[in-house]
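The values are calculated or read from the model by the stated rules, or taken from the named source; none is laboratory data. Computed from a prediction, not measured in an experiment: that's the story for all the values here. Glycine also receives a Cβ, built like all others from the backbone with ideal geometry; neighbour counts cover every protein chain displayed. SASA here: full protein model, heavy atoms, side chains in, ligands and nucleic acids out. Shrake-Rupley method; radii C 1.70, N 1.55, O 1.52, S 1.80 Å.
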Amino acid sequence: MLSNIVLIAALLAGVDARFGKEGAAQQGIQDLGNQFGSPGAAATLAGQSPGVLLAGANACAKLVLADKIVTELGTDPKVIAVAAALVAAEKNFNPFAVSIPSICSDASLPATAALRGIVPLIDPAVTGSDVENANSAKSLIKPFSANGLSVADVMAANGFTNFTLQAADGTAGGAAKAGNANAGKGAAATTAAATTAAAATTAAAVATSAVASCVPVTLTTTVKAAASTAAATSAAAAATSAAAAVGGNKGSAVAAGVDFGLCVPTIKFEAGLNGRKATEFTFQAIDPLVNKGQQEALNPNIITNRICDQLGNVCKANQAAKDACLAAKAQILALGTRDKTTADAWNTALGFPGTNTNPDNAPQAGLVGHS
Ligand SMILES: *[C@@H]1O[C@H](CO)[C@@H](O)[C@H](O)[C@H]1NC(C)=O
């Protein structure tokens with residue numbers, strides 16, 4: 001009997017802790033009602049906040065709500081602070097069903113400029129949470145660079161990748177192709193090696209079972225953390241062998257067994273591409289077979305993603321080449337730079353050091369990266 005009471009008390013304490021988190025977000029929004037927005041607007045938004053933090057909610061829903069808070073209550077610093085806290089808030093997840101959180105892969109969210117670059121807290125039980133939770137606190141003071149990047153991309157770029165991707169429509173964000181020139185999905189698809197095939201499969205399963213309702217759903221899938229780890233390990237190995245092979249001739253294979261087929265997977269960084277200004281530099285694949293149908297982009301991750309897709313789709317590259325490409329893609333994402341050194345790093349990683357990143361002799365004035 002006593003043990004039952006202890007157990008029930010413990011369960012209630014757990015419930016309190018869970019609702020405490022949501023209650024704080026809700027109260028913060030509610031309090032804005034005295035000063036901002038039309039009568040009742042803050043109360044309505046506050047009422048919607050617990051739902052977006054539940055385990056069953058879509059990972060993008062709280063970002064949509066944060067935008068809505070700003071749209072309806074205005075851009076006063078007090079409103080922004082409350083919306084920012086919601087972006088940074090930890091979303092619940094069911095540790096009995098999944099071992100890692102799902103994170104929004106939609107690069108258009110949040111749309112509010114002042115809310116971009118803020119990353120969320122995650123459950124302290126997740127490996128790597130110490131890095132992420134420190135990043136989250138930092139991001140509320142000084143947001144990370146987030147141009148063209150989803151929250152998931154920003155997290156990965158700053159050292160935390162132990163999550164699955166989820167798009168706003170509930171589908172697995174990791175499966176998006178860059179070929180549709182959609183910056184958001186292209187960038188989402190670049191999230192590091194640990195969230196490749198295995199994680200995408202998991203994300204699809206999670207997305208399928210996670211209905212965006214206010215009721216927590218029981219997730220029927222278990223994340224194969226081991227598979228993610230294996231993917232990361234093989235990507236790291238490919239990166240190592242790619243680095244070891246640097247110094248080969250232009251056009252040479254990056255490592256024994258690597259064959260890029262019909263394509264040379266190099267990148268240029270040029271001004272004035274596609275009618276842009278002579279001072280505006282963007283990235284593009286050099287090989288016309290690779291860049292066919294893909295616009296140049298300010299975000300190098302869109303181009304690296306496209307190249308890796310093309311290797312499989314049109315270049316007839318072998319698996320070793322595709323693996324090397326994915327490893328290089330993760331490397332560029334982690335670098336987070338957007339300038340000539342980014343293109344050089346990519347070309348070097350794939351075995352083409354010293355590639356001319358301005359093959360069209362575009363003007364070099366103001367050669368600076370765009371953030
Ligand atoms: C991700 O976190 C889970 C839960 O803590 C852990 O089991 C797993 O090893 C972690 N994966 C990586 C790649 O760190």
Yes/no for Glu90 being at pLDDT below 85, closer than 28 Å to Met155 by Cα, out of contact with any strand residue (DSSP E or B) (no Cβ under 8 Å at 6 or more places or on another chain) and surrounded by 17 or more Cβ atoms within 10 Å (Cβ to Cβ): no
Meets criteria (within 30 Å of Phe36 (Cα to Cα), in a loop (DSSP other than H, G, I, E, B) and among the hydrophobic types (A, V, I, L, M, F, W, C)) for Ala83: no
In region 84-103, residue nearest to Ala167 (Cα to Cα) [restricted to those that are more than 16 Å from the ligand (Cβ to nearest atom) and touching a Lys or Arg at 6+ places or on another chain (Cβ under 8 Å)]: Val87
Test: residue in region 94-101 that is under 17 Å from Ser150 (Cβ atoms), in the same structural domain as Ser145 (by TED's automatic domain parsing) and out of contact with any Phe, Trp or Tyr (no Cβ under 8 Å at 6 or more places or on another chain): no
Count of residues meeting criterion [part of a loop (DSSP other than H, G, I, E, B) and hydrophobic (A, V, I, L, M, F, W, C)] in region 93-136: 14
Scan of region 104-133 for residues that are of a type in the set (A, V, I, L, M), open to solvent by 10 Å² or more (accessible area, probe 1.4 Å) and within 16 Å of the ligand (Cβ to nearest atom), ordered by number: Leu121, Ala125, Val131
Filter result (part of a helix (DSSP H, G or I) and either touching a Lys or Arg at 6+ places or on another chain (Cβ under 9 Å) or of a type in the set (D, E, K, R) (or both)) within region 297-312: Pro300, Asn301, Thr304, Asn305, Arg306, Ile307, Cys308, Asp309, Gln310, Leu311, Gly312
